[in-house]
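Trainee: Can you read through this structure? Questions will come right after.
The values are calculated or read from the model by the stated rules, or taken from the named source; none is laboratory data. Because the structure is predicted, anything quoted here is derived from the model rather than measured. Positions of Cβ are generated from backbone atoms using ideal geometry, with glycine treated the same way; all protein chains shown enter the neighbour counts. These accessible areas exclude ligands, DNA and RNA; they are computed on the full protein's heavy atoms, side chains included. Shrake-Rupley method; radii C 1.70, N 1.55, O 1.52, S 1.80 Å.
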Amino acid sequence: PTTLVPTAVPTAAPVAAAGFGSPVERRAAAREQARLAAERARARRRPGSPLLTSAVLGLALLAAGAVVVVGLLTTAELDVLPLALAAAVAVMALGAVLAGVRGRRTALVGLAWPLAVLALAASVVPPASGWTWQLDRTWQPAAGGGASSVVGWLRVDPADLGAGEPATATIAAGRLDVLVPEGATVLLDVQVLAGSVRWEGSAQVVELDADDERGVRGRVTAGGVRDGDVPGSRIDGGVNRTRVFAVGPDAAALAEDVRVRGGDPEDWTVPAGTPELRAVAWTGEVRVGAAGGTLLEAS
């Protein structure tokens, strides 16, 4: 009969405890202890609660809706969209904190980040209405009117712009030209989020001085203006550029009478009966010059 000879089964050598054995064994023991501690921490962290997530999302929607309702009912001028998004983000942040205190995983943080970015964008992007996908035309505004384009080229002729609520021309990406009216003088407020403002150097286009307290709108820094590549023009480029001009035959006189202070045009001192125009470019360029002039005809 065949005799079975027992063989020894190899066993892994025990890992030395931290503080004992050779340096190699001590490092291996430390790594093993760290791995076990991480596994215990993961085991203690319970999976997320669908009920908690659903409840927090519901409360976030209620908070955003409440802000919208308040904006509709109140007479105060509120920028409702960023406030509503911020309210939803705040509720979701509180829900994430609660989940962390209870030792649960949560996806609320990942959901709150896009809303926070949207709230920030909505608070800095100038409002516009009457959107068109693409414009390539001349617009003659009336008081309180508006023209907005996602892309393209828009030329604004404010010759017939009367006194009243400011007219607003907005282009998201492209070029916006403002003509110097021959028979009227207009107060022009230019805002460019990313791009440049270019204007002709003439007696009909006079830049207004701003008080030091204009805040964000007052970034008219020394050296920020340089000669443009178009003869007789000036250019200011960068991020969040803002300029205010008196445009027309009596530009110098209007510039003397207007006082620009603070970031809100409602706080400015403007003579009664002055037509007002706002030109906004999110990304691109705003040009101010005479019709047929070198500045507006240049590409």
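Residue-wise test of (1) touching a residue at least 60 places away in the same chain (Cβ under 8 Å); (2) open to solvent by 60 Å² or more (accessible area, probe 1.4 Å); (3) closer than 20 Å to Leu193 by Cα.
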site	(1), (2), (3)
Gly262	no, no, yes
Glu266	no, yes, no
Ala281	yes, no, yes
Val286	yes, no, yes
Ala290	yes, no, no
Thr294	yes, yes, no
Glu297	no, yes, no
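Trainee: Among the residues of the stretch 148-162, how many are at pLDDT below 85 and closer than 20 Å to Leu188 by Cβ? Before you say what the answer is, go through the steps one by one.
Mentor: Within the stretch 148-162, the subset at pLDDT below 85 is 148-152, 162.
Pick out the ones that are also closer than 20 Å to Leu188 by Cβ and you get 148-149, 162.
Summing the residues that are at pLDDT below 85 and closer than 20 Å to Leu188 by Cβ in the stretch 148-162 gives 3.
Trainee: Additional query: Every residue in the stretch 91-116 that is open to solvent by less than 50 Å² (accessible area, probe 1.4 Å) and under 19 Å from the mean Cα position of the chain (by Cα), please.
Mentor: Hits for the stretch 91-116 are Ala112, Leu115, Ala116.
Trainee: Quick one: is Ala122 farther than 22 Å from Gly293 by Cα, assigned to a helix (DSSP H, G or I) and at pLDDT below 75?
Mentor: Taking the combined requirement at face value, the residue satisfies it.
Trainee: If you go through the stretch 197-219 one residue at a time, do you hit one that is out of contact with any helix residue (DSSP H, G or I) (no Cβ under 9 Å at 6 or more places or on another chain) and at pLDDT 90 or above?
Mentor: The answer is yes, given that some residue of the stretch 197-219 is out of contact with any helix residue (DSSP H, G or I) (no Cβ under 9 Å at 6 or more places or on another chain) and at pLDDT 90 or above.
Trainee: Quick one: which residue in Gly130, Gly65 is in contact with a strand residue (DSSP E or B) (Cβ under 8 Å, 6 or more places away or on another chain) and either loosely packed, with under 12 Cβ neighbours inside 10 Å or modelled with pLDDT of 75 or more (or both)? Full working, then the answer.
Mentor: Details: Gly65 fails: in contact with a strand residue (DSSP E or B) (Cβ under 8 Å, 6 or more places away or on another chain).
Matching residue, one of Gly130, Gly65: Gly130.
Table: residues versus (1) in a loop (DSSP other than H, G, I, E, B); (2) farther than 23 Å from Ala142 by Cα; (3) touching an Asp or Glu at 6+ places or on another chain (Cβ under 8 Å).
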position	(1), (2), (3)
Ile235	no, yes, yes
Gly238	no, yes, no
Val244	no, no, yes
Gly262	yes, yes, yes
Glu266	no, no, no
Gly273	yes, no, no
Ala281	no, no, no
Glu285	no, no, no
Val288	no, no, yes
